[in-house]
Each structure stands twice: as structure tokens, then as C-alpha cells.
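Here's the structure, in C-alpha cells; my notes come after.
The values are calculated or read from the model by the stated rules, or taken from the named source; none is laboratory data. None of the values given here were measured: they were computed from a predicted structure. Neighbour counts are summed over all protein chains in view; Cβ atoms, including those assigned to glycine, are modelled from backbone coordinates with ideal geometry. What goes into the accessible areas is simple: the full protein's heavy atoms, side chains included, and nothing from ligands, DNA or RNA. Shrake-Rupley method; radii C 1.70, N 1.55, O 1.52, S 1.80 Å.
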Amino acid sequence: MAPKQTKAEKKIAYDQKLCNLLDEYTQILVAAADNVGSKQLQNIRKGLRGDSIVLMGKNTMMKRTVRVHAEKTGNNTILNLIPLLQGNVGLIFTKGDLKEVSEEVAKYKVGAPARVGLVAPIDVVVEPGNTGLDPSQTSFFQVLNIPTKINKGTVEIITPVELIKKGDKVGSSEAALLAKLAIRPFSYGLVIESVYDNGSVFSPEVLNLTEEDLIEKFAMGVSMVTSLSLAISYPTLAAAPHMLINGYKNLLSVAVETEYSFPLADKVKEYLKDPSKFAVAAAPAAAADAGSAPAAAAKEEEKKDEPAEESDDDLGFGLFD
């Protein structure tokens with residue numbers, strides 16, 4: 001039987017393991033582990049087995065190891081991890097797709113009862129309905145100002161009640177009532193707080209961005225660059241088409257008000273001298289629009305007059321299939 005390791009030996013082994021992981025992996029998810037049990041953490045490790053490793057530990061030890069390893073290897077990008085090691089967190093080293101790994105981690109959430117003194121992560125609402133409790137239990141509901149009635153020998157809640165608000169501490173009465181109703185309002189698991197990828201650190205919300213979101217963000221950026229370029233008269237690729245059009249409009253205005261002209265302005269001047277040419281130019285387009293409507297109506301009428309195609313079932317041949 002192997003001798004039991006001392007605290008110093010455990011620290012050395014942990015330090016070596018973390019250094020090896022920092023050398024091998026370039027993608028790390030920093031996850032909060034509040035209220036996560038050992039059994040739940042074991043299930044998460046099993047689910048991620050293959051391309052990911054979960055490592056928990058004391059923040060001070062992890063910070064020291066990261067700092068010393070950065071000095072030894074010269075890899076200063078890993079120092080970006082140090083500010084992320086706050087609170088009860090763990091590191092998930094992975095070679096897989098970051099989004100898929102974060103989704104896999106999110107699957108391992110378990111329900112938890114409302115314990116006294118616990119800060120509620122969500123609003124807790126008790127829905128109306130029969131509680132199954134006998135009338136002697138009405139004192140719990142009266143203390144919490146929950147409207148009830150006796151129905152068929154049991155207590156029934158009349159209206160939905162917001163029992164606990166997000167951020168409030170769970171009181172003894174609320175905890176006792178939820179326990180009697182067998183309600184486990186909270187769920188806990190590893191929550192991804194930050195993502196480290198080759199020295200870059202970003203929010204996990206970035207993993208949920210779709211191609212449409214990126215196109216929308218890019219279009220918004222181009223629009224802002226164009227607006228700024230036009231406002232300060234600074235030429236950019238995004239603003240160039242608008243600047244050319246605006247320049248053409250300015251030249252056209254000058255040409256219309258003076259004797260100066262150029263080929264693109266000649267036609268405009270011609271229309272301005274003889275407005276009747278506007279009507280001549282617009283007539284073919286109006287005629288085309290007017291002619292298309294009756295043609296479409298005629299096609300619809302032809303379709304209505306055509307006899308419907310008969311299938312084998314309509315003729316009775318499919319009755320005995």
C-alpha cells in the first residue's frame with residue numbers, strides 16, 4: 001500500500017499537474033462552483049471525459065502556480081488568468097469546441113431545496129392549486145400572507161404568490177413552507193464565468209453569437225464609420241459611394257443654376273426646360289404596370305377553369321389497397 005502523501009507533497013503534485021495542463025491546453029473555461037456537490041462534480045468530469053479536464057483548487061495556490069510558471073516559461077499570456085481566479089471557481093481545460101463544452105457543462109444542474117439564509121438566485125413563485133396539506137397547516141400560509149381556502153379537507157392556494165425575490169435571503173418560514181410543498185426551487189451547477197483562449201479573455205456570451213449576429217454587428221459598425229466619415233469629410237471605403245453621390249448632386253446643382261454643363265447634367269437640364277418630357281418618360285412604365293395586373297388576373301381565371309387531375313383514389317382504385 002502506497003504511503004499517504006503529506007501536505008507538502010500534495011502541493012507539489014498539484015503544482016506540477018497545473019503546470020502540465022497550462023503547457024498542453026490553450027483553451028480554458030473559468031467556472032463558478034457555488035453549491036456544487038462532490039457527486040455532481042464527479043458526473044461533470046465523466047461527461048467531459050475525453051477532451052476536457054476539470055481542475056479545482058485554492059485560488060491562492062492556482063495564482064502562485066500561474067505566476068511562477070509564467071516566469072519560468074516566459075509565457076506571459078497565462079497571467080490573464082489571475083484576475084479571473086476570484087471566489088469559488090474551477091478551471092476546465094479543453095481541446096474541444098468551447099460552445100459545445102459549455103453546453104455540456106450546463107446539462108449537469110441539479111435541483112436544490114431553499115435553505116435558510118441562502119441568497120435566492122431567482123424569483124420563487126408559488127402557483128395556485130391544491131397543496132395536499134391538512135387544514136392544521138394553515139398557520140404557515142397565514143404568516144406569509146398567502147390567501148388560501150379549504151377545499152375537500154385540504155388547503156388550496158387561491159392566487160399565485162411571489163414568495164422570495166431574487167437576491168433576498170431565504171427565511172425560516174419560506175424554507176419550511178417550500179419543504180412542506182416538496183418544492184425545490186433552485187438548481188445549481190458549474191456556471192461559466194469567463195473564457196480564456198490563447199491569451200484572450202472574453203465573456204461566455206460570445207460563444208452564443210451566431211453568423212447573423214456577427215453580420216448585424218458588422219453592418220452596424222460600417223454604418224457608424226460611414227456616418228463619422230461623412231460628418232468630418234474624411235474619405236473611407238464605406239463612405240466613398242455616399243461622397244461620390246453627394247459630389248454629383250452638388251455639381252448638378254451648380255450646372256442647373258449656371259451655364260456650365262456636363263453629359264450627366266444635360267438630360268436633367270433638358271427635362272427642366274421642357275417638363276412635358278417627364279410625362280413621356282413615365283408613360284411606358286405606367287403602361288407596363290397597368291398591363292401586368294389584367295394579365296395576372298387572366299392567368300388566375302385560367303387556373304380556376306382547368307379541371308382538377310384525378311388520382312387513383314378519386315376513381316376508386318385505391319379503396320382495396
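General observations
- Single residue of D15, D34 found to be among the charged types (D, E, K, R), outside any strand (DSSP E or B) and more than 25 Å from the chain's Cα centre (by Cα): D15
- Test: residue in the stretch 56-77 that is closer than 24 Å to G111 by Cβ, out of contact with any Cys (no Cβ under 8 Å at 6 or more places or on another chain) and among the hydroxyl-bearing types (S, T, Y): no
For (1) within 23 Å of P121 (Cβ to Cβ); (2) of a type in the set (V, I, T); (3) at pLDDT below 90; (4) in contact with a His (Cβ under 6 Å, 6 or more places away or on another chain), each residue gets a yes or a no:
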{"position": "K17", "(1), (2), (3), (4)": "no, no, no, no"}
{"position": "D23", "(1), (2), (3), (4)": "no, no, no, no"}
{"position": "T26", "(1), (2), (3), (4)": "no, yes, no, no"}
{"position": "N35", "(1), (2), (3), (4)": "yes, no, yes, no"}
{"position": "K39", "(1), (2), (3), (4)": "yes, no, yes, no"}
{"position": "I53", "(1), (2), (3), (4)": "no, yes, no, no"}
{"position": "N59", "(1), (2), (3), (4)": "yes, no, no, no"}
{"position": "R64", "(1), (2), (3), (4)": "no, no, no, no"}
{"position": "E71", "(1), (2), (3), (4)": "no, no, no, no"}
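- Where a residue in the stretch 67-82 is closer than 16 Å to V195 by Cβ and touching a residue at least 24 places away in the same chain (Cβ under 8 Å) and its partner, wherever it lies, is assigned to a loop (DSSP other than H, G, I, E, B) and open to solvent by less than 30 Å² (accessible area, probe 1.4 Å), with Cβ under 7 Å and at least six apart: T77/G199; N80/G199
- Residues that are touching a Leu at 6+ places or on another chain (Cβ under 9 Å) and of a type in the set (G, A, S) within the stretch 230-254 comprise just one, A239.
- Looking across the stretch 218-242 at every residue that is open to solvent by 100 Å² or more (accessible area, probe 1.4 Å) and assigned to a helix (DSSP H, G or I), the one that is nearest to V206 (Cα to Cα) is identified as F218.
- Out of L91, L48, L85, one residue alone is at pLDDT below 90 and over 30 Å from A179 (Cα atoms). It is L48.
- Verdict on S253 being in contact (Cβ under 8 Å) with a residue 12 or more places away in the chain and surrounded by 11 or more Cβ atoms within 10 Å (Cβ to Cβ): no
- Yes/no for G47 being assigned to a loop (DSSP other than H, G, I, E, B), surrounded by fewer than 19 Cβ atoms within 10 Å (Cβ to Cβ) and not polar (S, T, N, Q): no
- Among (1) within 30 Å of K95 (Cβ to Cβ); (2) out of contact with any helix residue (DSSP H, G or I) (no Cβ under 6 Å at 6 or more places or on another chain); (3) surrounded by 11 or more Cβ atoms within 10 Å (Cβ to Cβ); (4) at pLDDT 85 or above, the one test that I215 misses: (3)
- Put simply, of K10, K4 the only residue that is open to solvent by 60 Å² or more (accessible area, probe 1.4 Å), modelled with pLDDT under 90, part of a helix (DSSP H, G or I) and farther than 20 Å from N80 by Cα is K10.
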